[in-house]
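First comes the structure, then the notes that go with it.
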Amino acid sequence: MSGKKAGLVAGAAGVLAGVVGLGVLAMPAGAGPAPVLPKVSAEELVQSVLTTKSMPALAGTVTATNNLGLPSVPGLGQASRFLGNGTTNTQVWTDGKGKGRISLPNGTSEETIVYDGATVWDWTSSNNTVHKETGGPDKAHPDKPSSGEVATDPAQAAKQIIALISKDSTVKVDGTATVAGRSAYEVVLAPKPTERTLLREVRIAVDAETKIPLQLSVLANGNAQPVGQIGFSKLEIGTQDPALFTFTPPANAKVVTGDAEKLAQKKPDAAKNLPEPKLVGTGWDTVLVEKLPAGLLGDGDKTAKTKDGQTFDPSKLLGQLGKRVSGPWGAGYQVSTAVGTALLLDDGRVAVGAVPQQVLIDALASVK
């Protein structure tokens, strides 16, 4: 398979992460008596989340639990940990001034990402390979070491969700909670009656002292428990060892160097010609739609590789995660979870959202 085709196929399979969307964003509040805190309005807490520019200096463990109901898929490396049901712990550190470190354990191997203020270092222990990129990974949020495939920062996740749904929600403060040993307010956003969504509410625990989000909970209709989890299970706010934010490649490591902006300018023509994904609808009804090359997931040359070098067949992957569907709107695969639905059609059209199938079908009509 050509490099261009493999990249496009891998990208299309990556769209599956979008069906998780709002789902891998939930973590129930800690047990124990609710702390007594001064009264504060929901508007104040929402504004504090939206204006958060960076995390303070801290060390913590972010625990993510996925209850989406998708089967575990072998051969996808780290991505399979977040698609299949289960719990993942990620170690995070920030210096409060833009530098950061993330450690992603994966069985007997580990991925370490360090942003030292000028360079992103991404080391995978299984193949002893280091990817080095100059410049900030996210200029708007330099405290986030890597945009990555999975959100490891509850503050950034909460900010994105609030910006998307707040105008179409009723918002209130629903008591207090203890999260990772810290007192927090619980803010609840619920869809207005006109919204067509599979979700019931989004619950955000905001730290009473720093006003940063400590955890984000999403609950779906028909489910008593959160359908996914992300939030701090351990947290220590304070100055961290500066050595954590430097990186020296291990002995005999293969170092691959590339500037993110320069690499983006050298995209293959096929990738350059792809239209940008667009959002159809607003708030809880928002659907992400895109048009990929026809036959990308349905021809006979379908082998692609994950970041860690493992090979997979996108067509078989979709068959494991979902089912074949067809109608006047086309034919392809439908992947359904407790929090959303994805349609990936043979003609290249893709639609993903925290909505029922019909909302996706309506949105696909806007993609030619």
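The values are calculated or read from the model by the stated rules, or taken from the named source; none is laboratory data. Remember, it's a predicted structure, so these values are computed and weren't measured experimentally. Here Cβ is always computed from backbone atoms with ideal geometry, including for glycine, and neighbour counts include all displayed protein chains. Keep in mind that these areas ignore ligands, DNA and RNA; they rest on the heavy atoms of the full protein, side chains included. Shrake-Rupley method; radii C 1.70, N 1.55, O 1.52, S 1.80 Å.
For LEU50 and THR129 in one chain, what is 0.36 nm times their gap in residues minus the Cα-Cα distance, to one decimal in nm?
Numbers: separation 79, 0.36 × 79 = 28.44 nm, distance 3.65 nm.
Value of the extension gain: 24.8 nm.
How many nm separate the modelled label positions at LYS192 and THR61, each set 7 Å beyond the Cα in the direction of the Cβ?
Distance between the two pseudo-spin positions: 4.2 nm.
What accessible area, in Å² to the nearest ten, does a 1.4 Å probe give for GLU43?
Roll a 1.4 Å probe over it and GLU43 shows about 130 Å².
What is the distance, in nm, between label points placed 7 Å from the Cα along the Cα-to-Cβ direction at THR282 and at GLU209?
Between THR282 and GLU209, the simple spin-label model gives 3.9 nm.
Quick one: length gained pulling ALA224 to ASN106 fully straight, 0.36 nm per residue minus the C-alpha distance? Numbers along the way, then the final one.
Numbers: separation 118, 0.36 × 118 = 42.48 nm, distance 2.98 nm.
In short, 39.5 nm is gained.
Hey, what do the phi angles of segment 92-107 turn into as Karplus ³J(HN,Hα) couplings, whole Hz, using 6.51/-1.76/1.60 and θ = phi - 60°, x for Gly and Pro?
For segment 92-107, the Karplus-derived couplings read 10, 9, 9, 9, x, 10, x, 8, x, 8, 10, 10, 10, x, 8, x Hz, x marking Gly and Pro.
Obtain the nm distance between the two label points defined at ALA118 and ALA163 by a simple spin-label model: each point lies 7 Å from its Cα along the Cα-to-C-beta direction.
Going by the 7 Å Cα→Cβ label model, 2.9 nm.
Below 15 angstrom from the Cβ of PRO328, what's the summed charge of the other residues (Lys, Arg +1; Asp, Glu -1)? If you can, show how the numbers build up before the last one.
Values: positive: ARG349; negative: ASP346, ASP347, ASP362.
Taking every other residue near PRO328 into account, the sum is -2.
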